[in-house]
Amino acid sequence: MKTTDPLKTFEERGYAIFSAVDRKPLDELRARIFDHAKTLVPYKGEKMEDFFNKFHEYGLRSSELNKFRMDLMGWCNRELRVARSLHEAFRGHISALVGPDVVAQKGTNLVVQPPGDKDQTPTHRDAPMSSHFEVIVWVPLVDVYKTKSMFISDRPHSAQALGKLQAGGSYGDFCSFIEKHSTNLEVDYGQACFFAGGIAHGCPLNAEKETRWSLNMRYKNIFSPYGTRGINDYFELLTLSPLAKVGFDFEKLEHAG
Ligand SMILES: [Fe+2]
């Protein structure tokens with residue numbers, strides 16, 4: 001399993017686990033999130049891994065936890081460049097999937113899921129609301145396994161579930177089929193799960209003894225079709241190929257003339 005090419009796996013299953021090509025930007029990002037997160041609680045001085053994994057010991061209840069998540073996420077979006085840091089960490093893998101002309105989602109989503117937290121992500125597919133041509137990059141900030149993780153269904157089963165919906169099946173039927181035919185991802189910190197928009201996924205109730213922390217981000221080729229969210233309101237430009245740079249410059253000149 002470890003020796004197989006993740007790109008081949010991605011094509012077969014619609015998702016795959018990729019290891020960071022450069023850990024440094026990811027480590028720096030995580031350290032900054034930790035530094036800020038600890039200012040939002042009565043921090044007890046524990047190490048970063050323990051702080052994340054045992055975060056539930058701070059006992060934040062649902063509305064407090066939600067406020068904590070929103071405060072921290074807002075800070076990340078103002079102060080950090082999450083899309084850029086993750087792109088640096090996983091650059092080669094991202095360009096292998098979307099090409100050299102890359103735009104990224106502007107804001108990040110940060111999820112903190114303590115054991116027993118009922119605020120779960122229901123089973124869904126990101127596309128066609130989001131374009132099929134953007135890759136979703138799910139980055140846990142701690143090692144995740146079993147129900148501390150997310151569940152995901154592969155390409156054949158996601159397609160079968162879609163077929164059931166198209167044949168008039170209910171959303172409930174769709175969910176129960178996916179839940180039966182999905183895996184809880186085992187992902188170590190330093191890795192990310194990349195998946196396509198058509199793949200069904202969600203988050204189970206965390207029944208483990210550790211809190212999950214994860215980021216998710218979307219990357220796409222600037223020239224690929226967009227979903228309901230357009231380039232200006234949702235995406236920022238990260239990299240352009242030499243041809244696209246020359247092309248955009250000429251377009252600007254022609255429009256000015
Ligand atoms: Fe999703």
J(HN,Hα) series, segment 34-51, from Karplus relation 6.51 cos²θ - 1.76 cosθ + 1.60, nearest Hz, glycine and proline x: 4, 4, 7, 4, 6, 7, 9, 9, x, 4, 9, x, 6, 5, 4, 4, 5, 4
Whichever lysines have a C-alpha closer than 16 Å to that of Lys118, once near sequence neighbours (fewer than 8 apart) are set aside: Lys67, Lys148, Lys209
Residue among Asp233, Asp117, Asp154 with the largest mean-square fluctuation in a Gaussian network model of the chain, springs linking Cα atoms under 10 Å: Asp233
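For segment 177-226, what ratio Rg/Rh do Cα atoms give with a Kirkwood hydrodynamic radius?
Details: Rg = 14.0 Å, Rh = 13.8 Å.
Over the Cα atoms of segment 177-226, Rg/Rh equals 1.01.
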Förster radius 35 Å - calculated FRET efficiency between Lys38 and Ala127 (Cβ-Cβ, nearest 0.05): 0.45
Qualifying aspartates and glutamates (Cα of each under 19 Å from Cα of Lys164; at least 8 residues distant if same chain): Asp126, Asp154, Asp173, Glu179
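So what is the 222 nm mean residue ellipticity for the chain from helices alone, if each DSSP H run of at least 4 adds -39500 (n - 2.57) and you divide by all residues, rounding to the nearest 500 deg cm²/dmol?
Details: 9 runs with 105 residues, N = 257.
Value at 222 nm, helices only, nearest 500: -12500 deg cm²/dmol.
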Extension reserve of the Glu46-Ala256 stretch, reckoned as 0.36 nm per residue once the Cα distance is removed: 69.8 nm
For segment 169-257, the spread of Cα positions along each principal axis, largest first, Å: 62, 38, 20
Under the Debye formula (equal points on every Cα, no solvent term), log10 I(q)/I(0) of the chain at q = 0.10 Å⁻¹: -0.53
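Give me the net charge of His157's neighbourhood, meaning all other residues with Cβ under 10 Å from the Cβ of His157; Lys, Arg count +1, Asp, Glu -1. Don't jump to the answer; show the numbers that get you there.
On the way: positive: Arg13, Arg155, Lys180; negative: Asp154.
For residues surrounding His157, the net value is +2.
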Radius of gyration, Dmax [segment 53-145; alpha carbons; angstrom]: 15.5, 45
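Quick one: putting +1 on the C-beta of Lys and Arg, -1 on the C-beta of Asp and Glu, what dipole do you get for the chain around its Cα centre, in Debye to the nearest 20?
Numbers: 33 positive and 33 negative charges, 55 e Å.
About 260 debye.
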Alpha carbon centroid spacing (whole Å) that separates segment 138-188 from segment 1-49: 21
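Throughout, read-outs are computed from the coordinates displayed, never taken from laboratory work. This is a predicted model, so every value here is computed, not measured. All Cβ positions, even for glycine, are placed from backbone atoms using ideal geometry, and neighbour counts span all protein chains on display.
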